[in-house]
Amino acid sequence: MDLSLFLDSLGPIALGAITGTIPLALVSFAFGLVLAVVVALARMSPSRWLRWPARAFISVIRGTPLLVQLFVIFYGLPNLGWTLDAWPSAVIAFTLNVGGYGAETIRAAILSVPRGQWEAAFMIGLGRRQTLTRVILPQAARVSVPPLSNTFISLVKDTSLASMIMVTELFREAQKIAAFTQEFLALYIEAALVYWLICLVLSAAQSRIETRLERHVA
């Protein structure tokens, strides 16, 4: 690979990561996390009118490819009269995907909290909602940090699929430069290296967070 090409293309690719990939991942993950909590609680609800739709949502999201979900939202919804720009379409698709996978992670974390915690909270006069928000969810959050961190790291890489609907992000910038220079292998390897660097940083942050949580528990 020509060093000058590498250096010249590094700026636009890095800018695509800063202005496209990372914001897209952060916004989608934040919305997806809220959705995941709601779906997880609905999935555990004694009401079948909440439980069944939640189970169906999780099944559909986990059982279909993310790229297909993205295409359904961006290319399919206009057939129903709902036309969305590329960036909001990507956010919705990634949010739904995180919500589907994250819901099962959060549900498993809630179930991992000993039943005695519920009983102890009820004995001191807390209601079900207070017990859930003040006792159960904080403990479940600690348990769910590692798998949810992995979900976020995977999401950062999955944002490359947004290039399929022309969202300007890291991989889209690499595609544009590669189309102009015809150096496809070199540019795609460079994009892969940038993704790898981002994931290394996120993995290091994940490790520090887990270490702090372990100290807190201890």
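Here are SER45, SER89: which of them is more than 19 Å from the chain's Cα centre (by Cα) and either modelled with pLDDT under 90 or closer than 26 Å to MET164 by Cβ (or both)?
Numbers: SER89 fails: more than 19 Å from the chain's Cα centre (by Cα).
The unique qualifying residue is SER45.
I need the full set of residues from the range 73-87 which are without any contact (Cβ under 8 Å) to a residue 40 or more places away in the chain, touching a helix residue (DSSP H, G or I) at 6+ places or on another chain (Cβ under 7 Å) and in a helix (DSSP H, G or I), in order please.
Of everything in the range 73-87, just one residue is without any contact (Cβ under 8 Å) to a residue 40 or more places away in the chain, touching a helix residue (DSSP H, G or I) at 6+ places or on another chain (Cβ under 7 Å) and in a helix (DSSP H, G or I), namely ILE73.
Test each condition in (1) part of a loop (DSSP other than H, G, I, E, B); (2) buried (at least 17 other Cβ atoms within 10 Å of the Cβ); (3) small (Gly, Ala, Ser) for ALA42 and report the one that comes out false.
(1)
If you go through the range 104-119 one residue at a time, how many are basic (Lys, Arg) and surrounded by fewer than 21 Cβ atoms within 10 Å (Cβ to Cβ)?
Initial filter on the range 104-119 (basic (Lys, Arg)): 107, 115.
Now narrow it down to the ones that are surrounded by fewer than 21 Cβ atoms within 10 Å (Cβ to Cβ): 115.
Total satisfying the criteria: 1.
Give just the number: which of (1) modelled with pLDDT of 90 or more; (2) in contact with a helix residue (DSSP H, G or I) (Cβ under 6 Å, 6 or more places away or on another chain); (3) among the hydrophobic types (A, V, I, L, M, F, W, C) does LEU213 not satisfy?
(1)
Looking at LEU137, LEU193, LEU197 in this structure, which one is part of a helix (DSSP H, G or I) and in contact (Cβ under 8 Å) with a residue 12 or more places away in the chain?
Working: LEU193 fails: in contact (Cβ under 8 Å) with a residue 12 or more places away in the chain; LEU197 fails: in contact (Cβ under 8 Å) with a residue 12 or more places away in the chain.
That would be LEU137, the only listed residue that is part of a helix (DSSP H, G or I) and in contact (Cβ under 8 Å) with a residue 12 or more places away in the chain.
Results for (1) surrounded by fewer than 19 Cβ atoms within 10 Å (Cβ to Cβ); (2) without any contact (Cβ under 8 Å) to a residue 12 or more places away in the chain; (3) within 30 Å of ALA17 (Cα to Cα), shown as yes or no for each residue.
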| residue | (1), (2), (3) |
| --- | --- |
| PHE71 | yes, no, yes |
| SER89 | no, no, yes |
| GLY102 | no, no, yes |
| ALA121 | yes, no, no |
| SER149 | yes, no, yes |
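The values are calculated or read from the model by the stated rules, or taken from the named source; none is laboratory data. The shown structure was predicted, so the numbers you read here are calculated from the model rather than taken from an experiment. Methodologically, a virtual Cβ is constructed for each residue, glycine included, from the backbone with ideal geometry; neighbour enumeration extends over all protein chains shown.
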